[in-house]
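The values are calculated or read from the model by the stated rules, or taken from the named source; none is laboratory data. Computed from a prediction, not measured in an experiment: that's the story for all the values here. Here the Cβ positions follow ideal geometry from the backbone for every residue, glycine too, while neighbour counts run over all protein chains shown.
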């Protein structure tokens, strides 16, 4: 099996505390109108609201009051603040093309001095998931977002990226963009990988061989493939070097897996694997256990193992070996 960071086989995980997110809120305006959505941030001069299809920045002096709204309509989302990720509630099933339109901006390319991989935003403040083997051992990490502009995508690169947590056994890493200012990032919800079925349609977005925003589709070949003591989603969705760390989506636009490896041999095709979303959720919920400490040489960065001392046999033992 090959793990698929392009140019090098390294993984990385970053963890961090959650920032303030308020869930569904009704914003009552002084004009008498109201806006209902997720409040992503509150500033002294404005409030940023996620309407599901766009972000709206409302001047503070135009707001009468904010009211919590616990009702969730079909397709809306629930933010799980303490876990850094959100889950979709009654999200509609769409075609691959329609799904790409709504999730593509949340998928990113991740570069290090020795290679590249993929990743995706799980929190609007800039938390990114990728594979451990994409970033492990690296001090310099950049994240490139492809933001939809007028008729094209704008490449926005962030170079101050912190590793929050990582685990090489799980091959998962959590990163945090530190130079984004007040930017509110689009996110994708995490789905229920335990609810996937054999033959279910799925698709991936990533940067195989550095070809950014590449979409591939297929099916779940086996929802619980055991390998080396762990369970993986086996899929026919094409996964290649550079796809590592990118999301595997169902047709509701939910991440059901994190792409991380494929079978590579002459005559072997269509054997690709992803880390189930259930494993990712456990990783995020217990992120303190995987927290990265750059002062600890065993915490993810590559280091040289201290050589063992060479034992020189004594003259007696060399001349008269024991029998």
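Just a few scattered comments:
- Residue within the stretch 94-111 that is modelled with pLDDT under 95, surrounded by fewer than 24 Cβ atoms within 10 Å (Cβ to Cβ) and more than 18 Å from residue 215 (Cβ to Cβ) present: no
- Residue 217 passes every criterion in (1) modelled with pLDDT of 95 or more; (2) crowded, with 22+ Cβ neighbours inside 10 Å; (3) assigned to a strand (DSSP E or B) apart from (2).
- So residue 122, is it in contact (Cβ under 8 Å) with a residue 40 or more places away in the chain and in contact with a helix residue (DSSP H, G or I) (Cβ under 8 Å, 6 or more places away or on another chain): yes
- In the set 82, 57, 31, only one residue is under 17 Å from the mean Cα position of the chain (by Cα) and modelled with pLDDT of 50 or more; that residue is 82.
- Among residues of the stretch 125-145 being free of Cβ contacts under 8 Å to residues at least 60 places away in the same chain and under 12 Å from residue 160 (Cα atoms), the one that is farthest from the chain's Cα centre (by Cα) is 140.
- Checked against the criteria, residue 243 counts as within 22 Å of residue 136 (Cα to Cα), modelled with pLDDT of 95 or more, surrounded by 21 or more Cβ atoms within 10 Å (Cβ to Cβ) and in contact with a helix residue (DSSP H, G or I) (Cβ under 9 Å, 6 or more places away or on another chain).
- Within the stretch 161-188, being under 13 Å from the mean Cα position of the chain (by Cα), within 22 Å of residue 290 (Cα to Cα) and modelled with pLDDT under 95 holds for 163, 164, 165, 166.
- Meets criteria (touching a strand residue (DSSP E or B) at 6+ places or on another chain (Cβ under 9 Å) and surrounded by 21 or more Cβ atoms within 10 Å (Cβ to Cβ)) for residue 184: no
- Count of residues meeting criterion [out of contact with any strand residue (DSSP E or B) (no Cβ under 8 Å at 6 or more places or on another chain), touching a residue at least 12 places away in the same chain (Cβ under 8 Å) and under 24 Å from residue 187 (Cβ atoms)] in the stretch 43-64: 2
- Residue within the stretch 143-158 that is in a loop (DSSP other than H, G, I, E, B) and touching a helix residue (DSSP H, G or I) at 6+ places or on another chain (Cβ under 6 Å) present: no
- The sole residue among 212, 282 that is at negative phi and crowded, with 18+ Cβ neighbours inside 10 Å is 212.
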